[in-house]
Amino acid sequence: MDGQALYMYQNTPNDQRGTQVPNNTGNNGNRRAPKDNGSSWLMRSVLIAVVVLLGWYLFQIFFTQSNTSANSGSTVVEIPYSQFYQEVQNNNVATAVFQGQDVTGNFKQPVTVIDANGMKKGPAIAYHFTALPNSDPALTNLLIQHGVKFEAKPANDNSVLVGVLINLLPLLLLVGAFVFIARRATQSQQNIFSFGKSRAKLVLEDRPSTTFADVAGVDEAKNDLVEIVEFLKTPQKFQRLGGKIPRGVLLVGPPGTGKTLLARAVAGEAAVPFFSMSGSEFVEVLVGVGASRVRDLFDQAKKASPSIIFIDEVDAVGRQRGSSINSNDEREQTLNQLLVEMDGFDARQAVVVIAATNRPDGLDKALLRPGRFDRRVTVDRPDWNGRLAILKIHVRNVPLARDVNLISIARSTPGMVGADLANLVNEAALLAARRNLDQVTQNCFDDALDKVLLGAERPLILSEEDLNVVAYHEGGHALTGLLQENVDPVTKVTIIPRGQALGVTQYTPLDDRYNYSREFLESQLVTALGGRAAEEVAIGRVTTGAENDLQRVTSIARQMVTRWGMSQRLGNISYSEREDPFAGTALATGSREYSDRTASVIDEEVSSIVKRAHTRALSLLAEQRATLDRIAKELRLHETLDARRLREIMIETGAIAFAPASYRASSMA
């Protein structure tokens, strides 16, 4: 109930919506870019070598053929060795070039050759034939006798290179692939030799990413951690008076309050090695792996002492042993090893363990005793001053218009945590960008807050009858809130469909509340039932749109009876349900700590409280029927009414005289 009260007219009877401000967790652990392991460089090198060899080979073939064609100047005809012999004897051979077994040259007169298939080739002057393997000793004398100019050249190695390339290329590719896989397997933590190695991310002292200047709204928790940082930097300051370094610090708080951000700030401020790891990363399928990783993590931290170990979501590995039938030997062994390591620190080794969780009630008691987690730091939701400090941090890089009032925004966001406020600023900046604005205006923040709390507007076309029902429903919420004491001010009423609601009435508290009186709770019940009562008074029938209201009313009334002792019949006794450790299993008892007769009395008291609130809502709306009709009419006309327009309607209809004195004073002001 710390957040804004949002009474919604629902779309369908099956929709189940809460009225609490959503908490968007935004804790992000340290993320570092993966180092280049050399595999990409190896693959590029192999590819470049293959391309170079292939290009060189193609160049050689092209260059040789070009030279041959240029030298010959005509078509080359393939002739048998016997015909070459005959042409020499006929004095028709001008030149001959011997290159291995390949012989080329020119005839004096063109020659026509008939191949084995009877096809004619030529006439051509250039020729080519393949010499005998062991040469012909009489050929040289024959060429000299008939005046043939001949010469010898080294054998062409293209065929040899092609053979070598064809034979070695698959081998080279295979070796390259093997080296690539081997390097990846060696450096990966998933191979069979590194199951027991810690996966902790190491943040070195010279690479801070977040400092305490980036943390706001949790000053008490920050002060406790500042002391830890000072102890690591200057231990003699505390040791001279006999003080010892705390073994562990447990950060406890709802999601999104900044527990991980605080740990990252410690890493940036401590100037010592910082080992960060999630609790779920310890546990694997193989039994014993988690314990091995715990040992390896603490060994690394001790070698790098002074250092800090941060375990995020420690409840994943530190849950109470023996509290459930679904026990896990691997998780319990990991927890046992963690207990041993935390208790076995050398007093001279400055190693601090910081853990974070949002479920401290399920942690093992041995983990929480002094000597392990000595300090329990609560990171709670910030008050409006804390929210203002958080907003100032998130808007540092956002250009703001002059009309932006951060104090007003901080006061209108009760119950929001740091992650919610970061999301609010981001949504406002996106809205300003979509509207092509140079700066983020107050209107952008107001619309972004409506989007976060109520959801985005939906272009839903409703019938006249449905619009009339929604207008009276939301008008009933607003009017009962305006006519009562102990109710937060009504800031907005709308019948524009948003999210999954067809209409919304928004109440914004003036300040944060940490304690609630019976009168305040009863007023909350009346305003929650104002929508249903307005349907009965103005329309004469009820609809399914009050489902969310009825759920909220039932929850508040039952807690008044069972938890807060606000029933005269039952007295100052708590009847709240106790959590069953075996819930969801065959061993679940489903029993409660009171009799069936007491349960019946509880139901009767809850029903009585709700009936009184419903009667009160009907009475208020019946007396001010004219004001209800006017509000519904204005909603049909303008779709949205703000607090100023509601006050004007109250004055015009004379209902302001029946409003609380505080509301009349604010209206006159």
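Any read-out appearing in this document is the output of simple, stated calculations on the displayed coordinates, not a laboratory observation. Predicted model, so just to flag it, every value in this text is computed and none were measured. Reconstructed Cβ throughout: ideal geometry from the backbone, glycine too, with neighbour counts over all protein chains shown.
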Compute the label zone of Asp219 within the stretch 490-517: residues whose backbone N is under 20 Å from the point 7 Å along Cα-to-Cβ. 511-514
What's the long-distance tail for the stretch 73-156, i.e. % of Cα pairs beyond 15 Å? 55 percent
Quick one: check the C-alpha center-to-center distance for the stretch 210-240 versus the stretch 486-530, whole angstrom. 40 Å
Arrange the following residues from fewest to most other Cβ atoms within 10 Å of their Cβ: Val103, Val352. Val103, Val352
Cβ-defined net charge surrounding Thr615, 15 Å radius [Lys, Arg +1; Asp, Glu -1]: +1
Among 240-248, 491-499, 88-96, how do they line up from the highest to the lowest mean number of other beta-carbon atoms within 10 Å? 491-499, 88-96, 240-248
Taking only C-alpha pairs under 8 Å that are 6+ residues apart, what is the relative contact order of the stretch 384-453 in percent? 38 percent
Convex hull over the alpha-carbon atoms of the stretch 384-453: what's its volume per residue in Å³? 73 Å³
Scan the stretch 397-479 for trypsin sites (Lys or Arg not before Pro) in coil per DSSP, keeping those whose Cβ has at most 10 other Cβ atoms within 10 Å, and list them by number. Arg402
Taking the Cα centre as origin and putting +1 on Lys and Arg beta-carbons and -1 on Asp and Glu beta-carbons, what dipole magnitude results for the stretch 218-378, to the nearest 20 debye? 500 debye
Once you have a ≥ b ≥ c as the square roots of the Cα gyration tensor eigenvalues for the stretch 218-378, tell me rounded if a/c is under 1.5, and otherwise prolate or oblate according to whether a/b is larger than b/c. prolate
DSSP-loop chymotrypsin sites (Phe, Trp or Tyr not before Pro) across the stretch 370-455, with at most 11 other Cβ within 10 angstrom: none
Cα gyration tensor of the stretch 457-574, axes a ≥ b ≥ c as square roots of the eigenvalues: rounded (a/c below 1.5), prolate (a/b > b/c) or oblate? prolate
Between Phe150 and Arg376, with labels modelled 7 Å along Cα→Cβ, what's the label distance in nm to one decimal, could you check? 10.6 nm
Could you work out how much longer the chain between Asp466 and Arg563 gets when fully extended? Use 0.36 nm per residue separation minus the Cα distance between them, nm to one decimal. 31.1 nm
Dipole in debye (nearest 20) - the stretch 458-565, about Cα centre, beta carbon charges: Lys, Arg +1; Asp, Glu -1: 320 debye
Taking 300-309, 525-534, 256-265 and ranking on average Cβ neighbours within 10 Å, highest first, one gets 525-534, 256-265, 300-309
FRET efficiency estimate (nearest 0.05) - Cβ-Cβ, Ala661 to Thr211, R0 60 angstrom: 0.75
Just name one of Asn443, Val417, Ile393: the one whose Cα is farthest towards the positive end of the charge dipole of the stretch 384-453 (beta-carbon charges, Lys/Arg +1, Asp/Glu -1). Ile393
Simple label model, 7 Å out from Cα along Cβ direction - Asp512 to Gln86, nm: 11.2 nm
Only residues of the stretch 484-509 count here: report those whose backbone N is under 15 Å from the spot 7 Å along Cα→Cβ of Arg644, or say none. 491-493
Two pseudo-spin positions, 7 Å from Cα along C-beta at Glu78 and at Leu171, lie apart in nanometres by 3.1 nm
Residues other than Ala456 with Cβ under 11 Å of its Cβ, Lys/Arg counted +1 and Asp/Glu -1, net out at -1
Please compare each pair in Lys222/Lys259; Lys259/Lys303; Lys259/Lys392; Lys259/Lys302; Lys120/Lys153 to a cut-off of 21 Å on the Cα-Cα distance and tell me which ones are over it. Lys259/Lys303; Lys259/Lys302; Lys120/Lys153
So who's got an amide H within less than 5 Å of the one on Val77, skipping anything under 5 residues away but keeping other chains? H placed 1.01 Å off N, in plane. Ala126, Tyr127, His128
Quick one: net charge of Ala356's neighbours, Cβ under 9 Å, K/R +1, D/E -1? -1
Whole-angstrom gap from the stretch 612-655 to the stretch 551-566, using each part's C-alpha centre: 28 Å
